[in-house]
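Chemist: Sharing a structure below in structure tokens format, with a few things to ask.
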Ligand SMILES: [Zn+2]
């Protein structure tokens with residue numbers, strides 16, 4: 001018999017004894033006389049069932065009594081919260097604002113106004129000091145003496161004539177030529193060129209070969225000869241320029257430059273003046289070209305035998321255009337030299 005059963009047995013015995021005692025001594029109580037207040041009173045309805053109840057009810061305390069420690073909850077320590085420190089906020093310093101200086105406004109100077117003059121000055125093409133020799137064709141009194149039309153040539157020509165005359169204005173060509181030549185001189189000087197004038201008055205006596213020699217001795221970069229044209233047909237108009245041919249017996253080596261100079265001036269002149277552009281005339285009959293040792297051109301600005309052009313060339317406005325046109329042509333020539 002197990003220890004537990006032994007206890008149950010003892011308790012049962014005790015209960016049986018008690019029940020027996022109760023059953024034997026309850027008569028008097030019916031009389032309603034309580035022996036003592038507070039005494040253990042068992043209600044009347046104690047019957048068999050009561051016994052059963054008592055008995056059945058007894059085991060409960062038994063349990064409490066039996067200290068047989070029902071294997072106490074082993075309390076297998078639910079592995080106590082190991083408190084594995086939830087990696088405490090390591091407080092890894094949120095990289096404190098390193099205050100990396102937000103590159104302070106470097107104040108990159110917004111391309112300070114370079115003060116580039118808005119009004120572009122006239123092209124300073126001549127700043128390199130290019131030398132332009134200007135020959136205002138003819139003179140007040142022509143010189144019919146003869147001279148070779150080229151170095152060593154047996155062909156003789158008049159040294160210089162007085163040129164033509166405006167058929168409608170009566171203006172002498174030599175006057176018109178000098179007026180435009182002086183305007184051209186002013187423009188070229190303003191643009192930075194060096195300028196030598198073959199003549200500045202009408203009272204000179206310079207043959208065509210002598211004029212060329214002035215340009216040669218000066219070492220001109222270009223020799224520009226200013227003239228006006230004439231034709232038996234008064235309807236003929238327009239501008240043209242002249243230079244030697246590539247087969248010129250005296251200075252064919254200057255053909256390329258002279259041709260380019262002639263074309264550049266003709267283009268610029270006609271663009272500025274709005275006149276008819278005739279052509280570049282290549283000829284080896286001009287003493288003033290044949291004697292040249294520098295690039296040369298003759299500018300025939302217009303026909304004084306044509307009414308429209310004769311009248312135009314007599315105006316200050318058109319004269320200014322002619323001078324500017326020639327200057328622009330010289331600029332163009334040196335830009336591509
Ligand atoms: Zn002429």
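The values are calculated or read from the model by the stated rules, or taken from the named source; none is laboratory data. Just so it is clear, the model here is predicted, and its values are computed rather than measured. Neighbour counts are summed over all protein chains in view; Cβ atoms, including those assigned to glycine, are modelled from backbone coordinates with ideal geometry.
Chemist: Given the criterion closer than 17 Å to residue 325 by Cβ and more than 47 Å from the chain's Cα centre (by Cα), identify the matching residue among 227, 202.
Modeler: One residue alone meets the criteria, 227.
Chemist: Continuing with this model, one more query. When segment 140-172 is examined, which residues are found to be out of contact with any helix residue (DSSP H, G or I) (no Cβ under 6 Å at 6 or more places or on another chain), more than 17 Å from residue 207 (Cβ to Cβ) and buried (at least 16 other Cβ atoms within 10 Å of the Cβ)?
Modeler: 165, 171, 172
Chemist: Taking segment 150-172 as the search range and keeping residues that are part of a loop (DSSP other than H, G, I, E, B) and within 12 Å of the ligand (Cβ to nearest atom), which one is nearest to residue 303 (Cα to Cα)?
Modeler: That would be 164.
Chemist: Would you mention how many residues in segment 173-208 are buried (at least 20 other Cβ atoms within 10 Å of the Cβ), within 16 Å of the ligand (Cβ to nearest atom) and outside any loop (DSSP other than H, G, I, E, B)?
Modeler: Count: 9.
Chemist: Further question on the same structure: How many of the residues in segment 133-149 are over 18 Å from residue 214 (Cβ atoms), more than 12 Å from the ligand (Cβ to nearest atom) and part of a loop (DSSP other than H, G, I, E, B)?
Modeler: 2
Chemist: Restricting attention to segment 287-337, report how many residues are outside any helix (DSSP H, G or I), more than 16 Å from the ligand (Cβ to nearest atom) and at pLDDT 95 or above.
Modeler: Of the residues in segment 287-337, 7 are outside any helix (DSSP H, G or I), more than 16 Å from the ligand (Cβ to nearest atom) and at pLDDT 95 or above.
Chemist: A further question on this structure: Return yes when residue 264 is surrounded by fewer than 21 Cβ atoms within 10 Å (Cβ to Cβ) and more than 22 Å from residue 175 (Cβ to Cβ) and no when it is not.
Modeler: Considered against the rule, which asks whether it is surrounded by fewer than 21 Cβ atoms within 10 Å (Cβ to Cβ) and more than 22 Å from residue 175 (Cβ to Cβ), residue 264 comes out as no.
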